Structure formats: structure tokens, C-alpha cells
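Accompanying notes for the structure given below.
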Amino acid sequence: MRFWLVVANACCSMLLALGSALLVLHPVWSSEFVYNRAVVNTPGDGFLALRSEPTIKSGKRLAKIPHGTKISLGDCQPASDGSHWCQTTYNGVTGWVFDRYLLLNNAAHVNRATSGGDRPVMVGEDPGYDACASVGVVSGLKPGGDGFLALRSGPSINARLIGKLYEGDVVILCDYVTGWQGVVVSPSDPEIDCGTSSPVASHQPYNGPCRAGWVSDKFITVIAG
């Protein structure tokens, strides 16, 4: 009987070790909230490519989605630069679009390796005033540096990179944590209303239609408000 108990204990130890190894080799994937509705924002080209695969290196262009088109997004996959490829259907054709050229709104699921640091940008701290009180501009980027200001999913250098801002880009200042500004990015199309210049009913997370995230306050100069 003692022999079989020893064998059973050994087997359990092996299974636990194998399970641990599998967890190391295959990271847990989780769903994080990003977006599920969007507006195509490509005033230059006038369209956004709907592709057969979530990359420009393979597959083919299935359709051209015109600038200003409202679309619904399905699952998204992270791209190497911190952006995402998201599924959508346009005129009955399903494919992938690059979210850098979208004005995003509301929550959808992006499958990615678990990481911390996400925090929504809050608006409407004082319901009697505009949702966001000030306007700033990106300035002071170091010559010879990265050439952009990282837009992150939370007030931390460990938070996800969700976009890139450049010298002179205008942002709306809505939230603040020591060293970090929670911003809404002013769109290139002046006809798009980000919804930050009028009061909201309560202090709440910003939910579009413009991009929002966190940037280092070292590179933001207040120009209004």
C-alpha cells in the first residue's frame, strides 16, 4: 500500500510540474475593453482598406471603406506598434481594418496577453461645467528622440501603447494623475465633435467618439482653459 501511495504522490508532482511548465510556455490571454463602434477617419486618402488578413504584409484588399463611414467592430488583435487590427463587415464583406484610422467609441474585446495599468480617462468632474476644462498642445519633444509622444492606456510607462502623438498635436485635457494627463485627442476633421465642450450628467469614463488616453505631462503645454 505504501508503494502505491508513493507512486501516486510522484504522479501528482509530475502533473503539477507539467501544468506549471505549460502556463509558462502559453501565457493566459484575456479580453480587455477597447471599442466596438467607430467612424472611418481618413480625410487624406478618402478611404480605409478592408483587408483579408490583419496585416499589410499578406492577404489582399477586399474593399475601400469611405471616409466618415460608421462601422461596427468585432474582435481585435494587437499590432506591433501598439495599435490594433479589428474585424468589421462592410457591404456584406468581412475583413480587417487598422484602428489608427478610426475614431473609436464604446467597448469591444481585444485578445492580448494580460498586462496591468489600464485606466479610463474621466470627464465631467464638475457637472456644471464642460466635460473637459482645458486644451493643450504637444510640445518639447526632444530632437533625435523617438519623434512622438506615447499615448497610453493608463498613467504609467508600463501601460499599453495605444497611439502616437506628434509635435503640435492638439489635445483636450480631461483627467490628471501625478505626472500624467488624461487627454482626448482632437481629430483632424473639424466637423467631428468629441463631446468635451459641453456638460455631462456625471463624472464618468470618456466613451468617444474621439481617441482618449494618457500622456506624460512633461510634453503638454496648456493653451486654453
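The values are calculated or read from the model by the stated rules, or taken from the named source; none is laboratory data. Since the model is a prediction, treat every value here as computed from it, not as a measurement. Note that we place each Cβ from the backbone using ideal geometry, even for glycine, and neighbour counts take in every protein chain shown. Keep in mind that these areas ignore ligands, DNA and RNA; they rest on the heavy atoms of the full protein, side chains included. Shrake-Rupley method; radii C 1.70, N 1.55, O 1.52, S 1.80 Å.
Every listed requirement among (1) open to solvent by 30 Å² or more (accessible area, probe 1.4 Å); (2) under 21 Å from Asp193 (Cα atoms); (3) small (Gly, Ala, Ser) is met by Ser80 save one, (2). For beta carbons closer than 8 Å, sequence separation of 6+ or different chains, a first residue in the range 87-103 that is at positive phi and a second that is open to solvent by less than 50 Å² (accessible area, probe 1.4 Å) and of a type outside the set (D, E, K, R), the qualifying pairs are Asn91/Ala63.
Residues being surrounded by 15 or more Cβ atoms within 10 Å (Cβ to Cβ), under 25 Å from the mean Cα position of the chain (by Cα), closer than 24 Å to Ser188 by Cα and modelled with pLDDT of 65 or more are represented in the range 19-37 by at least one member. When Leu73, Leu151, Leu103, Leu62 are checked against the criterion of being at pLDDT 90 or above and within 25 Å of Pro190 (Cα to Cα), Leu151 stands alone in meeting it.
Among strands (runs of 3 or more DSSP E) entirely within the range 149-225, having at least 3 residues that are over 17 Å from Ser134 (Cα atoms) singles out 149-152, 161-165. Among the residues examined, Val183 qualifies as among the β-branched types (Val, Ile, Thr), touching an Asp or Glu at 6+ places or on another chain (Cβ under 9 Å) and touching a residue at least 12 places away in the same chain (Cβ under 8 Å). Of all residues in the range 57-67 being open to solvent by less than 70 Å² (accessible area, probe 1.4 Å) and either part of a loop (DSSP other than H, G, I, E, B) or of a type in the set (Ser, Thr, Tyr) (or both), which is nearest to Asp45 (Cα to Cα)? In this case the residue turns out to be His67. Within the range 68-77, the set of residues being part of a strand (DSSP E or B) and open to solvent by 70 Å² or more (accessible area, probe 1.4 Å) comprises Lys70, Ser72, Gln77. Within the range 189-203, which residues are at pLDDT below 90 and either of a type in the set (Ser, Thr, Tyr) or open to solvent by 60 Å² or more (accessible area, probe 1.4 Å) (or both)? If the condition is that a residue be at pLDDT below 90 and either of a type in the set (Ser, Thr, Tyr) or open to solvent by 60 Å² or more (accessible area, probe 1.4 Å) (or both), then Pro190, Glu191, Asp193, Ser197, Ser198, Pro199, Ala201, Ser202, His203 are the ones that fit. Restricting attention to the range 159-188 and to residues that are closer than 19 Å to Ser83 by Cβ and of a type outside the set (A, V, I, L, M), the residue that is surrounded by the most Cβ atoms within 10 Å (Cβ to Cβ) turns out to be Arg160.
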